[in-house]
1. Binning every alpha carbon pair distance of the chain at 10 Å from zero, what are the percents per bin?
2. What percentages, rounded to whole numbers, describe P(r) for the range 285-324 computed over all alpha carbon pairs with 5 Å bin width beginning at zero?
3. Using Cα springs under 10 Å in a Gaussian network model of the chain, which residue among 40, 265, 75 shows the largest mean-square fluctuation?
4. Note the per residue figure in Å³ for the convex hull of the C-alpha positions in the range 1-115.
5. For an R0 of 45 angstrom, estimate the FRET efficiency from the Cβ-Cβ distance between residue 21 and residue 150 and round to the nearest 0.05.
6. Measuring from label point to label point, each 7 Å out along Cα→Cβ, what is the residue 278 to residue 74 span in nm?
7. How big is the C-alpha Rg of the range 206-324 next to the rule-of-thumb value 2.2 N^0.38 Å, as a ratio?
8. So what is log10(I(q)/I(0)) for the range 184-261 at q = 0.15, 0.18, 0.24 1/Å, when the Debye sum runs over its Cα atoms only?
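Only the coordinates and a few stated rules stand behind these numbers; no lab work does. Remember, it's a predicted structure, so these values are computed and weren't measured experimentally. Heads up, the Cβs are rebuilt from the backbone with ideal geometry, glycines too, and the neighbour counts pull from every protein chain shown.
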């Protein structure tokens with residue numbers, strides 16, 4: 001890849017994840033205000049892996065927005081593309097843990113500042129000077145951020161920047177399933193690297209068998225590397241004719257899974273930066289997926305994600321202890 005100032009630039013939501021923190025003395029639920037938002041979670045992990053990153057997005061010029069700005073800045077992410085909105089408040093999400101370990105999200109985003117990023121506010125230089133541009137579907141739910149995302153991808157394509165995509169399906173944020181499907185599939189047509197979860201491929205393809213769902217996707221879109229996360233069962237990577245599957249690392253001290261997919265995604269992007277999108281052998285791909293699974297497992301033992309990402313050496317030590 002050509003030498004550029006940034007390894008990865010991401011565009012999308014930056015918000016507060018309110019995560020359960022027990023009950024008060026009166027039995028009322030307590031919540032911890034954790035910095036979150038999938039694109040910045042990805043960048044935070046990439047910073048831990050020694051990468052230089054930048055973020056494009058919008059938060060409210062309020063207490064939560066300033067908290068987020070400080071948190072992301074402390075991770076080392078370049079925030080010259082962050083816009084502070086004086087009129088619309090920062091987006092909030094309440095994360096409820098379900099009995100099966102999955103999560104339910106309640107969003108306060110009607111509107112939220114992340115939705116209000118305008119095309120003319122997109123910092124073009126941060127994209128042109130990146131090796132990879134990363135985006136998600138929350139930047140496609142509404143205008144004007146949809147147009148901002150479209151513009152960013154056009155800039156990436158015109159400048160030969162690799163594009164990484166995480167659909168990150170959140171049904172409550174879409175006005176209809178039809179619009180969600182249309183826009184999420186639009187993203188598939190504009191990426192080289194795709195990270196998709198088990199529930200998302202089933203929802204998109206209508207197929208219960210994951211291999212059939214991925215085959216359905218590959219018939220329509222020329223995506224070079226597809227990474228499928230399977231929760232506690234691990235993950236798979238589909239690359240040309242190779243299909244690599246690695247089991248998950250289960251831990252007794254798992255708290256909740258917020259940020260696990262983002263951690264995995266960051267590690268796979270890092271592997272692309274190391275090997276090149278056309279440089280994977282089956283052995284290198286398996287090594288990358290194993291490392292990504294391990295990092296994702298570690299983050300499930302911590303509350304929050306953005307400020308809790310593991311160091312590279314921590315992941316290596318974890319793998320050595322498990323004999324993987």
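1. Spelled out per bin, shortest first, that is 6, 28, 38, 23, 5, 0.
2. Reading upward from the zero bin: 6, 25, 33, 23, 10, 3.
3. With Cα springs under 10 Å in the chain, the top fluctuation among 40, 265, 75 is at 75.
4. On the way: hull volume 15.4 nm³, N = 115.
Spelled out: Cα convex hull of the range 1-115, divided by residues, is 134 Å³.
5. After rounding, the FRET efficiency stands at 0.70.
6. Once both label points are built, they end up 4.3 nm from each other.
7. 1.07
8. -0.53, -0.74, -1.20
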